[in-house]
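See structure below.
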Amino acid sequence: MRKKIVAGNWKMNKNLQEGIALAQELNEKLTADKPACGVVICTPFIHLASVAGIIDKSIIGLGAENCADKEKGAYTGEVSAEMVKSTGADYVILGHSERRAYYGETPEILKEKVNLALANGLKVIFCIGEVLEEREAGKQNEVVKAQIEGSLFDLTTEQYANVILAYEPVWAIGTGKTATAEQAEEIHAFIRGVIAEKFGAQAAEDTTILYGGSCKPSNARELFAKPNVDGGLIGGAALKADDFKGIIDAWK
Ligand code: PGA
């Protein structure tokens, strides 16, 4: 059975003290009332080492929101996959639409990042998703397929086993406009088919595919009830422990 996961993406929110307080609050709530799914929080780089010391890692996994496309060296301001791993983090989000749109991350750059993250023992939460015009033109399937092919198709099946996919329609991110559960199910099933063609039926069956985009406690249960939706990647609602736990509890 593939793993069900609710992952939080804090984006560029919370200073260090606020981040520590949020991690502490979440840790208390989830140790008192154990989740029925995997839980991961992905924080800004500077929070990672501190948060790693706070959370019970048997309940909450820790991840970064990005890593460099180079191994090490003279790349001022960058943070390598090895550095991320050394903080105690086990995951990294790669290919988020904000990174693609605002920081020019291409499938080729993301391929390098994925390779380095996996080589350093990180699990990759790889984001894919179409913009509104592509959805309106009915091109969402070809867009997500190209994103997967461009960055993941050089992996071996063993490497691919450490990849989690997150389908995030760009028009639903931070907009309050969620994809319907039917829309999510339809494209998640398509994505699983793409994975089956390349990595085989078992790998496809084992792939966790998260939905992201305005997921909240009020709609999580309906989305997660779909057979191909294995959890969520949560932005805004991950910034409040009660809201995030409300989404985690949708698996109960
Ligand atoms: P949102 O963000 O939940 O705030 O829409 C999701 C994401 O970008 O991962």
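Quick test for you: out of T175, T156, pick the one residue that is open to solvent by 10 Å² or more (accessible area, probe 1.4 Å) and modelled with pLDDT under 95.
Details: T156 fails: modelled with pLDDT under 95.
After applying the criteria, what remains is T175.
In the stretch 129-147, how many are closer than 17 Å to E112 by Cα and out of contact with any strand residue (DSSP E or B) (no Cβ under 6 Å at 6 or more places or on another chain)?
Quick first cut of the stretch 129-147, residues closer than 17 Å to E112 by Cα only: 146-147.
Those still in the list that are out of contact with any strand residue (DSSP E or B) (no Cβ under 6 Å at 6 or more places or on another chain) too: 146.
Residues meeting the conditions: 1.
Residue check: is Y167 under 18 Å from the mean Cα position of the chain (by Cα), away from the ligand (no atom under 16 Å from the Cβ) and hydroxyl-bearing (S, T, Y)?
Criteria not met by Y167.
Pairs please, first residue from the stretch 94-119 and open to solvent by 20 Å² or more (accessible area, probe 1.4 Å), second anywhere and within 16 Å of the ligand (Cβ to nearest atom) and in a helix (DSSP H, G or I), Cβ atoms under 6 Å, 6+ apart in sequence or on different chains.
From the stretch 94-119, the pairs are S97/V170.
Do you know which of the residues in the stretch 231-252 that are assigned to a loop (DSSP other than H, G, I, E, B) and within 15 Å of the ligand (Cβ to nearest atom) is surrounded by the fewest Cβ atoms within 10 Å (Cβ to Cβ)?
Going through the qualifying residues, I end up with K240.
Here are some conditions: (1) more than 16 Å from the ligand (Cβ to nearest atom); (2) in contact with a helix residue (DSSP H, G or I) (Cβ under 7 Å, 6 or more places away or on another chain). R135 meets all but one. Which one does it not meet?
The one condition R135 does not meet is (1).
Taking the stretch 192-230, which residues are open to solvent by less than 30 Å² (accessible area, probe 1.4 Å), more than 16 Å from the ligand (Cβ to nearest atom) and not in a helix (DSSP H, G or I)?
The answer is G200, T207, N228.
Filter the stretch 95-125 down to the residues that are of a type in the set (A, V, I, L, M, F, W, C), within 12 Å of the ligand (Cβ to nearest atom) and in contact with a helix residue (DSSP H, G or I) (Cβ under 9 Å, 6 or more places away or on another chain) and list them by number.
Across the stretch 95-125, the qualifying residue is only A101.
How many residues, within the stretch 1-15, are more than 16 Å from the ligand (Cβ to nearest atom) and open to solvent by 50 Å² or more (accessible area, probe 1.4 Å)? Give the steps one after another, and end with the answer.
Let us first name the residues in the stretch 1-15 that are more than 16 Å from the ligand (Cβ to nearest atom), namely 1-4, 15.
Filter once more, so that each one left must be open to solvent by 50 Å² or more (accessible area, probe 1.4 Å): 1, 3, 15.
Summing the residues that are more than 16 Å from the ligand (Cβ to nearest atom) and open to solvent by 50 Å² or more (accessible area, probe 1.4 Å) in the stretch 1-15 gives 3.
The values are calculated or read from the model by the stated rules, or taken from the named source; none is laboratory data. Here the structure is a predicted model, which is why all the values come from computation and not from measurement. Heads up, the Cβs are rebuilt from the backbone with ideal geometry, glycines too, and the neighbour counts pull from every protein chain shown. To get the accessible areas, we keep the full protein, side chains included, count just its heavy atoms, and leave off ligands, DNA and RNA. Shrake-Rupley method; radii C 1.70, N 1.55, O 1.52, S 1.80 Å.
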